[in-house]
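Trainee: Could you have a look at this structure, given as C-alpha cells, before my questions?
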C-alpha cells in the first residue's frame, strides 16, 4: 500500500528528529500510533532507514493486542494513505513541506 522496502511498519524502536515529530498532528492511541508515526512521514517521501533486528518469541507474560485490534492497523493504513497529507501537518509547518518538493 505504501510501496516501501521496510519489513515492519509498526516496530516500536525508532529515532526521529524532533522537528519531524512536531510537524504532524497525532491522532492514534495505543499500538496503531506506531503505524501512524511511519505512514505520515512516508506520505511526504521522508527517508526512513531500517536497522535490522533479531526477533525472539516472548518468554514471559502475554500480549494485550487482541486479534480484533489488528484491524485498527488496517484502518490507520488506509486512512492516511488515501487522505490529503497536508491535512495532518500543523499549519505552521506547511510552508516547510512546500519548500521540500
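The values are calculated or read from the model by the stated rules, or taken from the named source; none is laboratory data. Every value quoted in this text rests on a predicted model; they were computed, and no experiment measured them. Glycine also receives a Cβ, built like all others from the backbone with ideal geometry; neighbour counts cover every protein chain displayed.
Trainee: Taking region 25-35 as the search range and keeping residues that are in contact with a helix residue (DSSP H, G or I) (Cβ under 7 Å, 6 or more places away or on another chain) and over 18 Å from residue 93 (Cα atoms), which one is surrounded by the fewest Cβ atoms within 10 Å (Cβ to Cβ)?
Mentor: Going through the qualifying residues, I end up with 28.
Trainee: In region 68-101, what residues are loosely packed, with under 14 Cβ neighbours inside 10 Å, under 16 Å from residue 28 (Cα atoms), modelled with pLDDT under 90 and in contact with a helix residue (DSSP H, G or I) (Cβ under 9 Å, 6 or more places away or on another chain)?
Mentor: If the condition is that a residue be loosely packed, with under 14 Cβ neighbours inside 10 Å, under 16 Å from residue 28 (Cα atoms), modelled with pLDDT under 90 and in contact with a helix residue (DSSP H, G or I) (Cβ under 9 Å, 6 or more places away or on another chain), then 69 is the only one that fits.
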